[in-house]
Amino acid sequence: MKLDPTKLDREKRIKILQKASEKLGKTELAKKLGINVSTLYRYLENEINTAVMGL
């Protein structure tokens, strides 16, 4: 199922990413998203905003 992340609020995007991270691991998820693992970690820890992630 495909989702349009622009139509989700930040909390829902983070929950989806957390579940995907649990299933795939942060390294694999970051590769699939095309971002650095540290960027994913900071986003999940609410240290950076949505604009940086492009979500």
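The values are calculated or read from the model by the stated rules, or taken from the named source; none is laboratory data. Note that the coordinates shown come from a computational prediction; the quantities given were computed from them, not determined experimentally. All Cβ positions, even for glycine, are placed from backbone atoms using ideal geometry, and neighbour counts span all protein chains on display. Ligands, DNA and RNA are stripped out before the accessible areas are found, and what is left, the full protein with its side chains, is counted by its heavy atoms. Shrake-Rupley method; radii C 1.70, N 1.55, O 1.52, S 1.80 Å.
Within segment 12-20, identify whether any single residue is modelled with pLDDT of 90 or more and assigned to a loop (DSSP other than H, G, I, E, B), and answer yes or no.
Within segment 12-20 (the criterion being modelled with pLDDT of 90 or more and assigned to a loop (DSSP other than H, G, I, E, B)), the answer is no, since none of the residues qualifies.
Pull up segment 1-11, narrow it to residues that are free of Cβ contacts under 8 Å to residues at least 40 places away in the same chain and not in a loop (DSSP other than H, G, I, E, B), then point me to the one that is surrounded by the most Cβ atoms within 10 Å (Cβ to Cβ).
Just the residues of segment 1-11 that are free of Cβ contacts under 8 Å to residues at least 40 places away in the same chain, to begin with: 1-4, 7-9, 11.
Then keep just the ones that are not in a loop (DSSP other than H, G, I, E, B); that gives 7, 11.
On the way: LYS7: 7, GLU11: 9.
In this case the residue turns out to be GLU11.
Just to be sure I understand the filter: pairs with C-beta atoms under 7 Å, separated by 6 or more residues or on different chains, first member in segment 20-43 and under 20 Å from LYS2 (Cα atoms), second member small (Gly, Ala, Ser) and not in a helix (DSSP H, G or I). Which pairs pass?
none
Looking at ILE35 and the list (1) more than 10 Å from the chain's Cα centre (by Cα); (2) not in a helix (DSSP H, G or I); (3) not acidic (Asp, Glu), which single condition is not satisfied?
(1)
Restricting to segment 12-35, count the residues that are exposed (fewer than 10 other Cβ atoms within 10 Å of the Cβ) and among the β-branched types (Val, Ile, Thr).
Count: 0.
Just for segment 38-48: of the residues that are over 10 Å from the mean Cα position of the chain (by Cα) and open to solvent by less than 90 Å² (accessible area, probe 1.4 Å), which one is modelled with the lowest pLDDT? Give the steps one after another, and end with the answer.
As a first pass, look at segment 38-48 and keep what is over 10 Å from the mean Cα position of the chain (by Cα): 38, 45-48.
Filter once more, keeping what is open to solvent by less than 90 Å² (accessible area, probe 1.4 Å): 38, 48.
Working: SER38: 92, ILE48: 72.
Looking at residues that are over 10 Å from the mean Cα position of the chain (by Cα) and open to solvent by less than 90 Å² (accessible area, probe 1.4 Å), I get ILE48.
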